[in-house]
Amino acid sequence: MNDRRVLIIDDEPDIRELLEITLGRMGLITESAANLAEAHTLLDAQTFDFCLTDMRLPDGNGIELVRHISTEHPETPVAMITAHGSMDSAIEALKAGAFDFVSKPVDLAQLRNLVDQALKLQPMADGGVGGGTRLLGESTAMQRLRKQVAKMARSQAPVYISGGSGSGKEVVARAIHEQGPRATGPFVPVNCGAIPSELMESEFFGHRKGSFTGATSDKEGLFQAANGGTLFLDEVADLPLPMQVKLLRAIQEKAVRPVGSQQESAIDVRLLSATHKDLARLVEAGDFRQDLYYRINVIELKVPSLKERAEDIPLFVEEMLGRLAREYGGEPPDVSTAAMDALKAYSFPGNVRELENILERAYTLCEDDCIEAGDLQFSPAAQAGDAERYPDAPADLGGDAEPDTLEPKATMPRPDDGSLEDYLESIERNKITEALEATRWNKTAAAKRLGITFRALRYRLKKLGME
């Protein structure tokens, strides 16, 4: 760090000296200013790798400096020093473009960690899709989304990711994590709606041995597991109100207390959250705390629906079929022009996840290594809507399809107990086993006997764990 330069702005000489000594011991070169005018002079004269400014200055507000640096010196991350407990000021600074904030009295360990994180930022010119996460698409909507992700990766501000179900909110969250200074730390995703309410506190904050029946050992929570990295709260709207209060405190205090413990543990976690629900409407209805809403929604990022980026569908199709081919063996099938046109015209209420499911089914159904329009199975309700919106669309999208193009649907008895999916899988497993035994385990002959393609049989064998 010997050549890294830091600008410190504070009107109190004692604080400036303390910060200069602390950062100097980290091997950083420091310059200091007592007001905004001196800070602007130094910024114009030289380049800084990091800036630390107080909120209240004699000739103005530190927020003004944050906005100036974000606009005129975007490569320089800036952190705000706020008064203790002044969360409104901290949130205002983050919205203005601050990298992060630290409260008075300054915790030096926390400050050193903040500076380390800021200096790990890569130059914006090197920004892009990193760490293995691919934000596919060249549409205007996707180009804008990638730019927003690259910008948000340069901040520690909580981000609220909104968008329809299946639109790729977790993919966006991973991209923010992988392009930021926490990329080497853990990324911990959690579906808030999948945790039973009675276990939620233990899951989030951990517990101590003997704290309740069944707690046979100490267990770390999700916040501790994400320490030094990113915690992604998916479907955050599903959190019950009592848990929302505890989550808010953990975020504000940057500390958690495991169940059964008298001590709080400091945490260093960046928080990203998402839901397909209208969070603002839930706040109005009293189902989501307003103070938590403003704390997690410092910056909102909207993920476009697949219909808004329909021109990217061919790229998704190529990538998904290639992945299926690698997973199940063989070469990816071709896609006919009619099938591709049908995909482009479909509304995709389930977004990218629905496209993936449609292609997975088509992969197993297609003949002669080519997916035709008839191999695509769209949602009946969405097809009906598309037929009204797109009267000139192919018949496969809800137009006047001939009755004999539709395969008859078998009538299945419903299971008496257990899940329907398990029941259907057991029937499928039995039918495949019968066909294999009847053909002396000749897969080609068994596929013919079952009336499916060899690829479809191979896919089902792997999916059912029968290979």
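Evaluate the relative contact order of the chain (contact order divided by residue number), counting alpha-carbon pairs under 8 angstrom at least 6 apart; express in whole percent.
About 10 percent, as a whole number.
Any idea which of 250, 363, 303 is furthest toward the positive side of the dipole for the chain, if Lys and Arg beta-carbons carry +1 and Asp and Glu beta-carbons -1?
The residue sitting farthest along the positive end of the dipole is 250.
Work out the charge dipole of region 14-116 with +1 on the Cβ of Lys and Arg and -1 on the Cβ of Asp and Glu about the Cα centre, then indicate which of 41, 57, 106 is farthest towards its positive end.
106
Mind checking the dipole of region 231-329: about its Cα centre, +1 per Lys or Arg Cβ, -1 per Asp or Glu Cβ, Debye to the nearest 20?
340
Just name one of 177, 21, 342: the one whose Cα is farthest towards the positive end of the charge dipole of the chain (beta-carbon charges, Lys/Arg +1, Asp/Glu -1).
21
Residue by residue through region 60-74, what is 3J(HN,Hα) from phi via Karplus (6.51 cos²θ - 1.76 cosθ + 1.60, θ = phi - 60°)? Round to whole Hz and write x for glycine and proline.
Residue by residue, region 60-74 yields x, 10, x, 4, 4, 5, 4, 5, 4, 5, 4, 8, 8, 9, x Hz.
Could you tell me how far the Cα centroid of region 142-217 sits from the Cα centroid of region 256-292, in Å?
About 11 Å separates the Cα centre of region 256-292 from the one of region 142-217.
If you average over every viewing direction, what projected area does the convex hull of the Cα atoms of region 188-305 give, in nm²?
7.6
Taking region 91-242, how many lysine pairs are there with alpha carbons less than 16 Å apart, if each pair must be eight or more places apart or span two chains?
Eligible lysine pairs with Cα atoms under 16 Å apart amount to 4.
Would you compute, from DSSP H runs of 4+ residues alone, the mean residue ellipticity of the chain at 222 nm, taking -39500 (n - 2.57) per run and dividing by the full residue count, rounded to the nearest 500?
Mean residue ellipticity, 222 nm, calculated: -13000 deg cm²/dmol.
Skipping prolines and chain starts, which residues have an amide H placed within reach, meaning under 5 Å, of the one on residue 265, given they are 5 or more residues away or on another chain?
256, 257
Karplus couplings for region 456-467 from phi (6.51 cos²θ - 1.76 cosθ + 1.60, θ = phi - 60°), rounded to Hz, Gly and Pro as x?
My calculation for region 456-467 gives 4, 5, 4, 4, 5, 4, 5, 5, 8, x, 9, 6 Hz in order.
Setting aside same-chain residues fewer than 8 positions from residue 307, which aspartates and glutamates have a Cα under 19 Å from its Cα?
138, 170, 318, 319, 341, 354, 356, 386, 388, 392, 396
Can you tell me the dipole magnitude for region 292-336 around its Cα centre, using point charges on the Cβ only (Lys, Arg +1; Asp, Glu -1), in Debye to the nearest 20?
For region 292-336, the charge dipole is close to 360 debye.
Only four residue types carry charge here, +1 at the Cβ of Lys and Arg and -1 at the Cβ of Asp and Glu. Report the dipole size of region 16-174 about the Cα centre in Debye, rounded to the nearest 20.
Taking the Cα centre of region 16-174 as origin, the dipole is about 800 debye.
Whole-Hz ³J(HN,Hα) for each residue in region 274-282, computed from phi via Karplus 6.51 cos²θ - 1.76 cosθ + 1.60 with θ = phi - 60°, x for glycine and proline: what do you get?
7, 6, 8, 8, 7, 5, 4, 5, 5
For region 133-235, which semi-axes, largest first and in whole Å, follow from the square roots of 5 times the eigenvalues of its Cα gyration tensor?
They are 32, 15, 9 Å, listed from largest to smallest.
Counting chymotrypsin sites (Phe, Trp or Tyr not before Pro) as exposed when in a DSSP loop with at most 15 other beta carbons within 10 Å, what is the longest stretch of the chain free of them?
For chymotrypsin sites (Phe, Trp or Tyr not before Pro) (loop position, at most 15 other Cβ atoms within 10 Å), the longest site-free span of the chain is 213-440.
Readers should treat all values here as calculations from the given coordinates under stated rules, not as data from a laboratory. From a predicted model like this one, the values you see are computed outputs, not experimental measurements. All Cβ positions, even for glycine, are placed from backbone atoms using ideal geometry, and neighbour counts span all protein chains on display.
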